[in-house]
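The values are calculated or read from the model by the stated rules, or taken from the named source; none is laboratory data. Fair warning: this is a prediction, and the values are worked out from it, not measured in the lab. Backbone-built Cβ (ideal geometry, glycine too); neighbour counts: all protein chains shown.
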Amino acid sequence: MTISPPAPPSTPTPGPDAPPVAVPDAPPATGAPAPRRTVAGRGFGGIGSDRARVDGPAKVTGTAPYAYEQEVENPAYLFGVTSAIAVGRIVDIDTTQAERVPGVLLVLTHRNAPRLRTKLMGELVVLQSDRVRHRGEYIGAVVAQTPEAAREAAALVRVRYDDEGGDVDFHADHPAATVPKRGAAGNPREEKGDVEAGLAGAAHLVDATYTTATEFHSPMEPHPITALWHPRPGLDPRARRLTIYEADQGPIATQLILAPMLGLLPNQIKIHSPFVGGAFGGKGMPHAHVMLVVLAAKLLAGRPVKFALTRQQMFATVGYRPPTAQRLRLAADADGRLTAVVHESVSPTAKLATFVEQAVGITRVMYATPNRRTEQRVVPLDIAPGTFMRAPGEFSGAFALETAMDELAVATGLDPIELRRRNEPDVDPDTGKPWSTRNLLACLDTGADRFGWEVRTGRPGERRDGEWLLGMGVAAASFPASHALSTWARITFAGGRYVVELQASDLGTGAWTILPQIAADALEVPVDLVDARIGSTGLPVAMIAGGSMGTYTWGNSIIAAARAFRRKHGPLPADGATARAQGRLPSGARQFARHSFGAHFAEVAVSEVTGEVRVRRMLGVFACGRIVNPRTARSQFVGGMTMGLSAALHEAGHRDPRTGHVVNHDLAGYHIAAHADVLDLDADWVEEFDPYVSPTGAKGIGEVGIVGVPAAIGNAIYDATGRRVRDLPFTPDKLVG
Amino acid sequence: MRPFVYERATDVADALDRAGDGAVFLAGGTNLVDHLRLGVRSAERLVDITRIGLDEVEELPGGGLRVGALVRNSDLAAHPALRRGFPVVAQALLAGASGQLRNMATTGGNLLQRTRCVYFQDVTMPCTKRDPGSGCSALEGYAAGNAIFETSPRCMAVHPSDLCVALVALDAVVRTTGPAGDREIPMTELYRRAEDGPETDTHLVPGELITHVDLPPLAPGTRSAYRKVRERASYAFALVSVAAALDVVDGRVRDARLGFGGVCHRPFRARRAEEALVGGPADAAAFAAAIDAELAHARPGRDNAAKVPILRNTALAVLAGLADEGARS
């Protein structure tokens, strides 16, 4: 039997029903645009145009082939067997009953699993020994003709353990708390000035502890994967081929990590991930199930093996945002100017794979202060590993910092916006470099006008609607515009159309839609003539969709490729003309501190009776460089704000204190905001062009939208009730009694 | 999931004939199908009873209602006679689940839904309700959702229904048929306490089928309401809930009915509070004394103590609202 891997999906092009792209009668004014802007501009549907999603019709009609819907011949289905203890040894694993279930093809355990060549990534070292490292870890798998048979058989695998207990309970004063190695999450500890002097001489001091909860990405699409080892044509190991269909934030991460672990060269692994049903950081790196499926498929070479996690399993092995306990001290003089800032955070990490929720980073860039100390510690526990979740670090840190700033505003009697104005830094407090662009004050002022901030009295309890106390809050946001290395793009002219190719990934964010806009702009052609091919290995190597870097990093390389294309082929290229290029950091960029900024405004109602909190209105105003597509950008901002609202009011994974597994492991138990919770959210932005992040003028927008949202809501709760809640989420038990 | 046989009953007698031998009645399936997937429950045969009738609401002489066991939650909540005479029931229905689930869920099925205790739904953890004799994981585990009334170390779970809280408060009667003939069971006696043995939720016997729920009439002038507290505005089980009916004549309470949800192994009838209310003045001090008389018997644990003040506030607000409503009319 031969199975040829299906070609990468054809590029979704706008069909006849797609909204037309407006082309004005007159060419756009050529006046004197900023030097780096290209003149084709908006008239051709390029950067700045309100373009509808090209993949929208396919998605809403169910025809977009997500990883689990990729058609493969004669698939087999896997279901994982997971450990019931946190730490220990498997004494016996009895697969007899499981093997008897009709349709079972393979029962995989550590006894028969293929050996890995390296332990490059601890989380992916599955079925290599009898050790159990956390509850819910994969200790086996069943592959069967149907998913039902696989699941039934998996439940029949009998395991005897030597249970060694385990340390699973996180608390801030855990004796094992330690400063992680530099590199695990930037610099874990830094100090400047004389902090003790700054604290001692303060007119006002805020000293409080803030906690954030364990959060789960919970994308709609549950980490599906299909893996196929092609039948080996001979004994030459270089002839081995592995094809994987999965949902990831960029195929290169899975390819480069799996290859050495499996003893393959990267180009022996093909990965297709054309559509991704939500990721939020959880699909940035491969997780244990990927290796589980790959190992099972290796024993069934020639047969594609499929697996999609259950919702419960998504709370066990694909990562989460670790909780934090943060002590923040803000000292200020009589005028509210900061004299010292101390931010200390501690969070759990898994013993088997260190991930640090770096909460203190944001405090190094947000406000001016002569004296500052920040320190990040971790507590290694016998739990599953955490991972990046939308604005990792900044989300958690901003809750503490922006709530503390509100407390300082109360202490000083200043309006919270005025307090931030007085502490606005001229240069980056972290590096001392000037800002590439920083328009936080413009965001605050624009937002205050639009939101009606003047209605706020600053005196809790004054505004009410029946039993509901009303209040308004504000918080600032930032997220770094980091530089990703080594991203390439290729542009080819064929059949009268341009194709832009690179390993970008569309997580529902709009990459399919906006990458052609960037290319159209740079090529000076209408966007309708440009297609994209993304989401597969074999395309030019690119940065994954992560760190809010996708659009400007990919855009940078697309613009470079377009310029190379025009240099090489001119305005009238021959059919088949092609060019590729690497995007480079704009010259002079390293002299600047580069960040996105934003301001969130929230109005809440808090029931005096029940303690229930309802967010009546929210507005976010952002300064994120040039907005490539206002429609998809607004969706990113509002999506981030919604996720922040959800974190503020609902989200908390609860661990069993004995085993460390998440007990509310489904969407009935782990609440995320329902439609009824999201009443009136709006996002806006200030005009900005940042030439030092990339020639697109854009900065990142995917993560800054969530940063600071819980603080804005919590500050509004204080304004309504006079109660300061420092622990997320803001549930009724914290507001009654 | 184990393979099972699916059968469709044609009428009540046919359904009863098909009972036994590992058969389970399937109505809306909103809870049962989840349990089959999770391994919480298995069935050799599913007997679909959604086509056996029992899907009408009948107005009884004297103002009562007879609700067929297979009337969908959405249809019942929208029924004019229910909305007119029993607002507490309509409000309770609409506070439950989501629109999609209410379109599927039935009246009888709602009465028989199982607890959402996280340990009950996780087959890898001990749970005596699911696996008799295995113990209660919620005692030393995640306990924020635990019961505060009629608590027992045998099982700390709470009943999840909204509808049942209203039905218990209104002295609704469950009509059943089964191998031993027809029965009428007051809602207040349908459910077992945790102490009675949490392995089964109700006093129904195997093969017994709920056919109707009767709502006895309330005295003219009685006001009723349901209020559910939850941090998510929709699609969430109750942190606590209150069903109340209040008949106030000349400033004094003639009749009071109170049910509490989210606080007990069964839908909880607050009889001590009712006794304290009846005959007394319809004012805030009397309401507070009555609710406190009930709450004196609450036994919160380390993680669920907030249920007490939230329940107190909510019950007082509901009673005050009903008294105001009556006074204004």
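What is the one condition in (1) more than 14 Å from chain A (Cβ to nearest Cβ); (2) surrounded by fewer than 24 Cβ atoms within 10 Å (Cβ to Cβ); (3) under 30 Å from A:ALA673 (Cβ atoms) that B:GLU150 does not satisfy?
Going through (1) more than 14 Å from chain A (Cβ to nearest Cβ); (2) surrounded by fewer than 24 Cβ atoms within 10 Å (Cβ to Cβ); (3) under 30 Å from A:ALA673 (Cβ atoms) one by one, B:GLU150 breaks only (3).
Within the range A:344-366, which residues are crowded, with 24+ Cβ neighbours inside 10 Å and of a type in the set (Gly, Ala, Ser)?
Hits for the range A:344-366 are A:SER345, A:SER347, A:ALA359, A:GLY361.
Please indicate, with yes or no, whether at least one residue in the range A:711-720 is buried (at least 24 other Cβ atoms within 10 Å of the Cβ), touching a Lys or Arg at 6+ places or on another chain (Cβ under 6 Å) and not in a loop (DSSP other than H, G, I, E, B).
Initially, the range A:711-720 is screened for residues buried (at least 24 other Cβ atoms within 10 Å of the Cβ), giving A:711-717, A:719-720.
Applying the additional criterion that residues be touching a Lys or Arg at 6+ places or on another chain (Cβ under 6 Å) yields none.
No, the range A:711-720 contains no residue that is buried (at least 24 other Cβ atoms within 10 Å of the Cβ), touching a Lys or Arg at 6+ places or on another chain (Cβ under 6 Å) and not in a loop (DSSP other than H, G, I, E, B).
With respect to the numbered conditions (1) surrounded by fewer than 20 Cβ atoms within 10 Å (Cβ to Cβ); (2) closer than 20 Å to A:ASP531 by Cβ; (3) not β-branched (Val, Ile, Thr), which one is the sole condition not fulfilled by A:ARG53?
Only one criterion in (1) surrounded by fewer than 20 Cβ atoms within 10 Å (Cβ to Cβ); (2) closer than 20 Å to A:ASP531 by Cβ; (3) not β-branched (Val, Ile, Thr) is unmet by A:ARG53, namely (1).
Please go through (1) surrounded by fewer than 20 Cβ atoms within 10 Å (Cβ to Cβ); (2) small (Gly, Ala, Ser); (3) more than 19 Å from A:PHE730 (Cβ to Cβ); (4) under 21 Å from the mean Cα position of the chain (by Cα) for A:ALA668 and return the number of the only condition it doesn't satisfy.
A:ALA668 satisfies all of (1) surrounded by fewer than 20 Cβ atoms within 10 Å (Cβ to Cβ); (2) small (Gly, Ala, Ser); (3) more than 19 Å from A:PHE730 (Cβ to Cβ); (4) under 21 Å from the mean Cα position of the chain (by Cα) except (4).
Search the range A:624-661 for residues being of a type in the set (Val, Ile, Thr) and more than 9 Å from chain B (Cβ to nearest Cβ), and hand back the single one that is surrounded by the fewest Cβ atoms within 10 Å (Cβ to Cβ).
The qualifying residue surrounded by the fewest Cβ atoms within 10 Å (Cβ to Cβ) is A:VAL638.
Filter the range A:216-254 for residues that are assigned by TED's automatic domain parsing to the domain that holds A:ILE271, in a strand (DSSP E or B) and under 29 Å from A:TYR670 (Cα atoms) and give the result.
If the condition is that a residue be assigned by TED's automatic domain parsing to the domain that holds A:ILE271, in a strand (DSSP E or B) and under 29 Å from A:TYR670 (Cα atoms), then A:TYR245, A:GLU246 are the ones that fit.
Please go through (1) under 25 Å from B:THR177 (Cα atoms); (2) buried (at least 20 other Cβ atoms within 10 Å of the Cβ); (3) out of contact with any His (no Cβ under 8 Å at 6 or more places or on another chain); (4) not aromatic (Phe, Trp, Tyr) for B:GLY96 and return the number of the only condition it doesn't satisfy.
Just one mismatch for B:GLY96, condition (1).
Mind listing whichever residues of the range A:559-611 are charged (D, E, K, R), farther than 27 Å from A:MET543 by Cβ and within 30 Å of the chain's Cα centre (by Cα)?
Narrowing the range A:559-611 to residues charged (D, E, K, R): A:563, A:566-568, A:575, A:580, A:584, A:590, A:594, A:603, A:608.
Filter once more, keeping what is farther than 27 Å from A:MET543 by Cβ: A:575, A:603, A:608.
The answer is A:GLU603, and nothing else.
On the basis of being surrounded by fewer than 23 Cβ atoms within 10 Å (Cβ to Cβ), over 24 Å from B:LEU111 (Cβ atoms) and within 14 Å of chain A (Cβ to nearest Cβ), does B:ALA293 make the cut?
no
Only one residue in A:ASP163, A:ASP173 is surrounded by fewer than 18 Cβ atoms within 10 Å (Cβ to Cβ), touching a residue at least 12 places away in the same chain (Cβ under 8 Å), touching a strand residue (DSSP E or B) at 6+ places or on another chain (Cβ under 9 Å) and of a type in the set (D, E, K, R), so which one is that? Spell out how you get there, then give the answer.
Numbers: A:ASP173 fails: touching a residue at least 12 places away in the same chain (Cβ under 8 Å).
Selected residue: A:ASP163, the only one of A:ASP163, A:ASP173 that is surrounded by fewer than 18 Cβ atoms within 10 Å (Cβ to Cβ), touching a residue at least 12 places away in the same chain (Cβ under 8 Å), touching a strand residue (DSSP E or B) at 6+ places or on another chain (Cβ under 9 Å) and of a type in the set (D, E, K, R).
Looking only at residues that are buried (at least 18 other Cβ atoms within 10 Å of the Cβ) and free of Cβ contacts under 8 Å to residues at least 40 places away in the same chain in the range B:310-329, which one is nearest to the other protein chains (Cβ to nearest Cβ)?
Among those that are buried (at least 18 other Cβ atoms within 10 Å of the Cβ) and free of Cβ contacts under 8 Å to residues at least 40 places away in the same chain, it is B:ASN313.
Given A:LEU507, A:LEU523, A:LEU539, which one is over 28 Å from A:PRO219 (Cβ atoms), modelled with pLDDT of 95 or more and assigned by TED's automatic domain parsing to the domain that holds A:ARG580? Lay out the reasoning, then the answer.
On the way: A:LEU507 fails: over 28 Å from A:PRO219 (Cβ atoms); A:LEU539 fails: over 28 Å from A:PRO219 (Cβ atoms).
One residue alone meets the criteria, A:LEU523.
If only one of B:SER74, B:SER98 is polar (S, T, N, Q) and more than 13 Å from chain A (Cβ to nearest Cβ), which one is it?
Values: B:SER98 fails: more than 13 Å from chain A (Cβ to nearest Cβ).
Within the list B:SER74, B:SER98, the selection yields B:SER74.
Which count do you get for residues in the range B:275-288 that are more than 14 Å from chain A (Cβ to nearest Cβ), surrounded by fewer than 20 Cβ atoms within 10 Å (Cβ to Cβ) and under 26 Å from the mean Cα position of the chain (by Cα)? Outline the logic, then answer.
To start, the set of residues in the range B:275-288 that are more than 14 Å from chain A (Cβ to nearest Cβ) comprises B:275-283, B:285-286.
Applying the additional criterion that residues be surrounded by fewer than 20 Cβ atoms within 10 Å (Cβ to Cβ) yields B:275, B:278-281, B:283, B:285-286.
Next, only the ones that are under 26 Å from the mean Cα position of the chain (by Cα) stay: B:275, B:278.
Going through the range B:275-288 one residue at a time, the tally reaches 2.
Which residues, counting only those in the range A:673-702, are assigned to a loop (DSSP other than H, G, I, E, B) and within 14 Å of another protein chain (Cβ to nearest Cβ)? It would help to see each step written out before you state the result.
Step one: filter the range A:673-702 for residues assigned to a loop (DSSP other than H, G, I, E, B), giving A:673-674, A:678-680, A:686-697, A:699-702.
Residues satisfying the conditions are A:ALA673, A:ALA674, A:VAL678, A:LEU679, A:ASP680.
Count, please, the residues in the range A:505-534 that happen to be within 17 Å of the chain's Cα centre (by Cα) and in contact (Cβ under 8 Å) with a residue 60 or more places away in the chain.
Residues of the range A:505-534 within 17 Å of the chain's Cα centre (by Cα): A:505-511.
Now drop any that are not in contact (Cβ under 8 Å) with a residue 60 or more places away in the chain, which leaves A:505-510.
Number satisfying all stated conditions: 6.
Of these, B:ARG266, B:ARG257, which one is closer than 28 Å to B:ALA144 by Cβ, touching a Lys or Arg at 6+ places or on another chain (Cβ under 9 Å) and either of a type in the set (Lys, Arg) or surrounded by fewer than 16 Cβ atoms within 10 Å (Cβ to Cβ) (or both)?
Working: B:ARG257 fails: closer than 28 Å to B:ALA144 by Cβ.
The unique qualifying residue is B:ARG266.
Do you know which residues across the range A:646-672 are part of a helix (DSSP H, G or I) and either over 21 Å from A:GLY508 (Cα atoms) or not assigned by TED's automatic domain parsing to the domain that holds A:PRO729 (or both)?
Just the residues of the range A:646-672 that are part of a helix (DSSP H, G or I), to begin with: A:646-649.
Scanning the range A:646-672 gives A:ALA648, A:LEU649.
How about the range A:70-91: which of its residues are touching a Phe, Trp or Tyr at 6+ places or on another chain (Cβ under 9 Å) and outside any loop (DSSP other than H, G, I, E, B)? Spell out how you get there, then give the answer.
Residues of the range A:70-91 that are touching a Phe, Trp or Tyr at 6+ places or on another chain (Cβ under 9 Å), as a first pass: A:70, A:72, A:77-85, A:88-91.
A:TYR77, A:LEU78, A:PHE79, A:GLY80, A:VAL81, A:THR82, A:GLY88, A:ARG89, A:ILE90, A:VAL91, listed by residue number.
Here are the criteria: (1) of a type in the set (A, V, I, L, M, F, W, C); (2) more than 30 Å from B:GLN100 (Cα to Cα); (3) crowded, with 23+ Cβ neighbours inside 10 Å. Tell me which single one A:PHE689 does not satisfy.
(3)
Suppose we filter A:LEU401, A:LEU419, A:LEU444 for residues that are surrounded by 22 or more Cβ atoms within 10 Å (Cβ to Cβ) and in contact with a His (Cβ under 9 Å, 6 or more places away or on another chain); which single one remains? Can you show your working first?
Details: A:LEU419 fails: in contact with a His (Cβ under 9 Å, 6 or more places away or on another chain); A:LEU444 fails: in contact with a His (Cβ under 9 Å, 6 or more places away or on another chain).
Being surrounded by 22 or more Cβ atoms within 10 Å (Cβ to Cβ) and in contact with a His (Cβ under 9 Å, 6 or more places away or on another chain) holds for just one of A:LEU401, A:LEU419, A:LEU444, which is A:LEU401.
Is at least one residue of the range A:262-279 under 30 Å from A:HIS661 (Cβ atoms), of a type in the set (D, E, K, R), outside the structural domain of A:VAL663 (by TED's automatic domain parsing) and not in a helix (DSSP H, G or I)?
The answer is no; no qualifying residue exists.
Which members of the range B:297-317 meet the condition of being of a type in the set (A, V, I, L, M, F, W, C) and in contact with a strand residue (DSSP E or B) (Cβ under 8 Å, 6 or more places away or on another chain)?
Looking only at the range B:297-317, we keep the residues that are of a type in the set (A, V, I, L, M, F, W, C), and these are B:298, B:305-306, B:308, B:310-311, B:315-317.
Selection gives B:ALA298, B:ILE310, B:LEU311, B:ALA315, B:ALA317.
Among B:ASP122, B:ASP75, which is more than 22 Å from the chain's Cα centre (by Cα) and over 21 Å from B:SER241 (Cβ atoms)? Give the derivation first.
Numbers: B:ASP75 fails: more than 22 Å from the chain's Cα centre (by Cα).
Criteria check complete, one pass: B:ASP122.
Does any residue of the range A:422-435 turn out to be closer than 30 Å to A:PRO732 by Cα and crowded, with 19+ Cβ neighbours inside 10 Å? First the steps, then the outcome.
Residues of the range A:422-435 closer than 30 Å to A:PRO732 by Cα: none.
Checking the range A:422-435: not a single residue is closer than 30 Å to A:PRO732 by Cα and crowded, with 19+ Cβ neighbours inside 10 Å.
Tell me which of these A:ALA259 doesn't satisfy, since it passes every other one: (1) in contact with a helix residue (DSSP H, G or I) (Cβ under 6 Å, 6 or more places away or on another chain); (2) of a type outside the set (S, T, N, Q); (3) in contact (Cβ under 8 Å) with a residue 12 or more places away in the chain.
(3)
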